[in-house]
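**Student:** Take this structure first; my questions come after.
The values are calculated or read from the model by the stated rules, or taken from the named source; none is laboratory data. The structure presented is a predicted model; accordingly, all values stated were derived computationally and were not measured. Counting neighbours? That spans all protein chains shown, and the Cβs are built from the backbone with ideal geometry, glycine included.
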Amino acid sequence: MKVALIGNMNNNNFSIMRYFRDLGIDAHLILFKDDITKSQSHFKPEFDTWEIEKWRPFIHYVNYTSHYAALFYPAFLLKKYFNGYDIFICSGHIPIILNKCNLSIDIFYPYGVGIEGVGCSSVRTGWSNYSFLSKIIQSQLRRLKVSAIKKAKVCLNSEMSLTKQTFDELDIPFQRVSIPMVYNKGNFKNQTQNLLKLRQQINSYKYKFFCHVSHLPIKDKLPMVEGFAKFVKSKNDNNSVLILLEYGSLKSLESTKEIIESFGVTDRVLWLSKKSRKELMFLLDGVDFGFSEFEGIMWGGTGWEFLASGVPFFHYINKTSEEFEIDNNTPIPPIINTNSSEEIFQHLKIYSENPNPYKKRGVVMKDWFEKYGGIGLAKIWKEIILNIYKEKQINESN
């Protein structure tokens, strides 16, 4: 059985590919031009591993962008890239391309809340910031994508707000299964001297807090900054640092900096340039707490990276433990579920007095990740594709 993982938003498919190969599956990653250029250059496979040569033989490139291929390129130009595969796994525009090539869409999973380009916020506001021509193109892509997704053998999704709503509106069933989107089995060899010096600088502080969530209007940084500021003022020393990334919209970055200045902790914040995941995972080793998001919904890649690293983190999800387990088929990990700056402060204060319970929490988080978010989750995916493959063989023999 040969598996094609097509596309690579957030390095999702590269992570899945490595887990699959660890599990004995002949999995390959197929990248379109827009997976590794412009705004997506941040998600090149070599930015997610220090062992790229180990994985390079299983990475293949298509010299087209996926949206142009979906709309304009004929099947005979595209189908040659997919010869010899038994299972196709995809997201983004790829269902349109596979449908055009008369190939099976075995697993579709959305990488964006609301299904990218189908029921996400930009679609629901009528692509208000798009030009007239772009609106026409996006509308056509949406129509084709919906038609293709409806032909998928299996859809996987664990985001139970807008994404579930979109699947329900389209009358498309899905299995409640997350994405094993962070691969944490590699080593940390070959770091640059600059990265080693940066980690040394971070580790010179007694209390190290990390937030690599992008700065966007919907990403509320106030609970984090206010809670951190209260902690800094309670300690009255220079032993604490909040590490942030210059990643996101310029306007939101400036807004975050204004909030930091208003609480008087500008000198306690270390700003880093945008980092690759392999750099982030290296820097997270030894961090005391992480800050995720406070919007009430499921965490994204940053939360998974904290879990994979065993870093206790703050995140607000508007669900009880029971609701989370029903929606996700897994118990909730021991995140610190709050959007209250006072509660954040209290946790930081208690940690400074007795860190051991939080360090134990970090160990439990990593154990949870191994079972429900990493290799354990990849095993669930493996069972799904094995069942699809068996069904295909039965149908071919009849």
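Quick grid of which residues meet (1) aliphatic (A, V, I, L, M); (2) under 30 Å from Tyr372 (Cα atoms):
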position	(1), (2)
Lys221	no, yes
Ser262	no, no
Ser276	no, yes
Ser292	no, yes
Trp304	no, yes
Leu307	yes, yes
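**Student:** Here's a follow-up. May I ask you to verify whether Glu51 is in contact with a Gly (Cβ under 8 Å, 6 or more places away or on another chain) and either acidic (Asp, Glu) or not assigned by TED's automatic domain parsing to the domain that holds Arg143 (or both)?
**Tutor:** yes
**Student:** Among Asn12, Asn8, Asn63, which is crowded, with 24+ Cβ neighbours inside 10 Å and not assigned by TED's automatic domain parsing to the domain that holds Gly303?
**Tutor:** Asn8
Matching residues to (1) in a loop (DSSP other than H, G, I, E, B); (2) closer than 19 Å to Leu253 by Cα; (3) modelled with pLDDT of 95 or more:
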| position | (1), (2), (3) |
| --- | --- |
| Gln165 | no, no, yes |
| Ile172 | yes, no, yes |
| Leu195 | no, no, no |
| Phe209 | no, yes, yes |
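**Student:** All but one of (1) over 22 Å from Leu216 (Cβ atoms); (2) under 22 Å from the mean Cα position of the chain (by Cα) hold for Thr320, so report the exception by its number.
**Tutor:** Of the numbered conditions (1) over 22 Å from Leu216 (Cβ atoms); (2) under 22 Å from the mean Cα position of the chain (by Cα), the odd one out for Thr320 is (2).
**Student:** Go through (1) over 24 Å from the mean Cα position of the chain (by Cα); (2) at pLDDT below 95; (3) part of a helix (DSSP H, G or I) for Ser128 and report which single condition fails.
**Tutor:** Ser128 satisfies every listed condition except (3).
**Student:** Condition first: more than 18 Å from Asn339 (Cβ to Cβ), more than 22 Å from the chain's Cα centre (by Cα) and crowded, with 19+ Cβ neighbours inside 10 Å. Now tell me which residues in the range 203-229 satisfy that.
**Tutor:** Passing the criteria: Tyr207, Lys208.
**Student:** Pick out, from the range 5-115, the helices (runs of 4 or more DSSP H) lying fully within it that include 1 or more residues that are under 29 Å from Tyr247 (Cα atoms).
**Tutor:** 12-22, 52-55, 66-71, 94-100
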